[in-house]
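Here is the structure we will look at, set down as structure tokens.
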Amino acid sequence: MLRYTKTAIALHWLIAVLIIGTFTLGLVMTDIPGLTPAKLRYFSWHKWAGVTVLLLAVLRLLWRLVNRAPPYPAAMPAWQKSAAHALHGVLYVLIFAVPLSGYFYTLAAGVPVVYFGLFELPVLIQPDPALKAVLKEVHYWLNMLMAGLVGMHVAAALKHLVVDRDGVMQRMLPSFKKENS
Ligand code: HEM
């Protein structure tokens with residue numbers, strides 16, 4: 001069975017781990033009452049991790065545009081192939097939309113984003129309290145949508161592994177054999 005390239009597999013799992021960590025940190029940090037030094041530190045870590053997801057998403061999309069995904073097994077029903085393509089398409093959009101909504105929310109709040117405390121990222125919009133309130137909701141609900149769709153994505157992958165046993169899940173797992181680049 002044809003597999004994803006090593007680069008695609010590395011980017012997939014790196015982005016997955018970072019998204020789970022950034023999502024969890026987002027929920028934890030916003031739950032801390034008041035304004036403590038720890039809370040401010042977590043906000044910074046959250047923003048740096050989120051910007052890293054955005055940068056990796058750019059690399060991943062570019063890699064995907066020049067490298068085709070391996071075809072699904074012939075026996076897989078057409079509706080499942082279409083559903084998988086649609087779900088993957090929406091997840092690609094969300095790995096951009098979720099960090100971008102957080103980035104613009106932060107700028108609308110009048111706070112510059114200083115990546116790892118070293119590089120100030122472009123201030124693309126001016127502070128705007130009304131836009132800030134909208135983007136806060138947008139960032140939250142895009143995250144909830146992504147969490148639901150990632151749940152479906154994981155459930156589908158596990159069905160391929162345990163029920164269908166058709167090798168579809170293994171195509172995205174690291175392999176230590178020399179077979180792709
Ligand atoms: C993969 C990327 C990201 C994920 C999964 C994510 C996830 C989350 C989650 C789950 C929350 C909690 C929402 C709530 O309970 O109200 C949150 C809040 C927040 N996020 Fe993100 N985020 C990401 C990227 C970013 C980026 C790139 C920035 C800014 C550069 C950012 C800035 C913020 C801020 C400032 C809050 C606090 C909202 C508030 O004031 O209550 N996020 N994020």
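The values are calculated or read from the model by the stated rules, or taken from the named source; none is laboratory data. What you see is a predicted model; the values in this text were computed from it and never measured. Glycine gets a Cβ as well: all are built from the backbone with ideal geometry, and neighbour counts include every protein chain shown.
Numerical summary
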| item | result |
| --- | --- |
| Selection status of ALA84, part of a helix (DSSP H, G or I), more than 14 Å from the ligand (Cβ to nearest atom), surrounded by 13 or more Cβ atoms within 10 Å (Cβ to Cβ) and small (Gly, Ala, Ser) | yes |
| Per-region count, the range 27-43, residues touching a helix residue (DSSP H, G or I) at 6+ places or on another chain (Cβ under 7 Å) and on the phi > 0 side of the Ramachandran plot | 0 |
| Unique residue being within 26 Å of PHE23 (Cβ to Cβ), aliphatic (A, V, I, L, M), modelled with pLDDT of 95 or more and part of a loop (DSSP other than H, G, I, E, B) when the list is LEU124, LEU135, LEU161, LEU149 | LEU124 |
| Among (1) surrounded by fewer than 10 Cβ atoms within 10 Å (Cβ to Cβ); (2) within 10 Å of the ligand (Cβ to nearest atom) - the single one LEU100 does not satisfy | (1) |
| Residue ID - nearest to HIS153 (Cα to Cα), chosen from residues in the range 22-44 that are loosely packed, with under 15 Cβ neighbours inside 10 Å and within 9 Å of the ligand (Cβ to nearest atom) | THR24 |
| Residue within the range 26-48 that is closer than 15 Å to PHE96 by Cα and either without any contact (Cβ under 8 Å) to a residue 12 or more places away in the chain or out of contact with any Gly (no Cβ under 9 Å at 6 or more places or on another chain) (or both) present | no |
| Test: residue in the range 163-170 that is at positive phi and without any contact (Cβ under 8 Å) to a residue 40 or more places away in the chain | yes |
| Filter result (hydrophobic (A, V, I, L, M, F, W, C) and within 13 Å of the ligand (Cβ to nearest atom)) within the range 112-124 | VAL113, VAL114, PHE116, PHE119, LEU121, VAL123, LEU124 |
| Residue check, TYR92 surrounded by fewer than 16 Cβ atoms within 10 Å (Cβ to Cβ), closer than 23 Å to LYS6 by Cα, among the hydroxyl-bearing types (Ser, Thr, Tyr) and under 19 Å from the mean Cα position of the chain (by Cα) | yes |
| Candidates ALA69, ALA16, filtered to the one that is of a type in the set (A, V, I, L, M) and either away from the ligand (no atom under 14 Å from the Cβ) or touching a Lys or Arg at 6+ places or on another chain (Cβ under 7 Å) (or both) | ALA69 |
| Residue selected from the range 48-66 under the condition surrounded by fewer than 13 Cβ atoms within 10 Å (Cβ to Cβ) and away from the ligand (no atom under 16 Å from the Cβ), by the criterion nearest to the chain's Cα centre (by Cα) | LEU62 |
| Matching residues in the range 26-47 - criterion: being within 14 Å of the chain's Cα centre (by Cα) and closer than 21 Å to PHE119 by Cα | HIS46, LYS47 |
